[in-house]
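None of the figures in this text is laboratory data; all of them are computed from the coordinates on show. Being a predicted model, the structure only gives us computed values, none of them experimental. Quick reminder, even Gly has a Cβ in these numbers, built from the backbone with ideal geometry, and neighbours come from all protein chains shown.
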Amino acid sequence: MNIILLGPPGAGKGTQAARLVERHGMRQLSTGDMLRAAVAAQTPVGLEAKAIMDRGELVSDEIVSALIDAELAALAPGVGVIFDGYPRTAEQAVQLDAILAKHGRKLDRVIEIGVDEDELVHRIVGRYTCATCGEGYHDDFKQPKLLGTCDKCGGTTFKRRKDDNEETVRTRMVEYRAKTAPILPLYEARGIVSRVDGMAPIDAVSGAIETILAKA
Ligand code: AMP
C-alpha cells in the first residue's frame, strides 16, 4: 500500500508515519528528513536547500522529486510507502504519479490530517527529539519520564529543528495554504482522500488511520 499523509507543519505526519512503520513495516519517505540529512552532509543538494529551509520556503520540485525517485528505486517492490511531506505542490503531485508508475506502484490513499492552525505554532515551537534515536518530545505535552533522559534509548542529548521557530513556522503555514492545500481536490476527484482529526490525542489519530487503511 502506498499512502500520502497530508497536513500543515505540526499536524503529526511524522509521528503517525513512525507508528505505521512500526506496526506494518511500511517505509516512511520524508523529504524533510532527506533534505535535513543532505544539509548535515553538505551535499550539493543540501547546500542549495539550506537557506530555503531556514526561511520556511519550499525547495524546488525537481530536487525533492529526484530524492523520492531515488528512494523508490532502491526499495523492494513489496514494501508499502508512506509519503510524509511530499507532494507539497501541484507539480510534485504530477511528478509523483509519473514516479509511482515508473516503479510499478499506485497511490492507494491520501490521508489529510486536519488541525487548528492556531494550535500548530505552539505544537511546533515546543517540540524536540532525542539526538540518538529520534524519539519525539514536547516542552508542554510530552517530556521524558526522567527529565533529560530519553524514555526509549536512555540518550541524554536532544535537538530541535532550526526551522521550528515562530517566524519560520508562519512562513511554512503560508506555503502550505498557498501551494499544498490546493492539491487536495486533485486527489478528491479520484475518490481516495480520507480525513482524520489531527487535534485528537495521538492514539486516537492512529486508530482513525488504521480504520481507514483497513478499508482501503
Ligand atoms: P518538513 O520536515 O516536512 O516540515 O520539511 C522541512 C522543510 O524542508 C520545508 O519547510 C521545506 O523547506 C523543505 N521541504 C520538505 N519537503 C519538501 C517538499 N516536498 N517540497 C519542497 N520543500 C520541501
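Things to note:
- Length added when fully stretched, HIS138-ALA51, from 0.36 nm per residue minus Cα-Cα: 28.8 nm
- Taking 0.36 nm per residue of separation and subtracting the current Cα-Cα distance, fully stretching the chain between ALA214 and GLU167 would add 13.0 nm.
- Cα centroid of the stretch 36-72 to Cα centroid of the stretch 99-137, whole Å: 17 Å
- Beyond 17 Å, the tail of the calculated P(r) for the stretch 10-53 holds 44 percent of the Cα pairs.
- Computed over the stretch 91-216, the Cα gyration tensor eigenvalues convert (square root of 5λ each) into semi-axes of 31, 19, 16 Å, ordered from largest to smallest.
- Within the shell of other residues whose beta carbon sits under 13 angstrom from the beta carbon of ALA40, the net charge comes to +4, with Lys and Arg scored +1 and Asp and Glu -1.
- On full extension, the segment bounded by GLU188 and VAL94 gains 32.4 nm, given 0.36 nm per residue less the C-alpha separation.
- Placing a label point 7 Å from the Cα of MET199 along the Cα-to-Cβ direction, the residues of the stretch 119-143 whose backbone N falls under 12 Å of that point are 119-120.
- A Förster distance of 25 Å, applied to the separation of the beta-carbon atoms of ALA101 and ALA40, puts the FRET efficiency at 0.20.
- Ordering TYR86, GLY32, ASN2 by the projection of their Cα atoms onto the charge dipole of the chain, which places +1 on the Cβ of Lys and Arg and -1 on the Cβ of Asp and Glu, puts ASN2 at the extreme positive end.
- Scaled radius of gyration (Cα, divided by 2.2 N^0.38 Å) that the chain gives: 0.99
- Working from label points 7 Å from Cα in the Cα-to-Cβ sense, the VAL79 to ASP118 distance is 4.3 nm.
- Where both bridge residues fall in the chain, DSSP classifies roughly 30% of the beta bridges as antiparallel.
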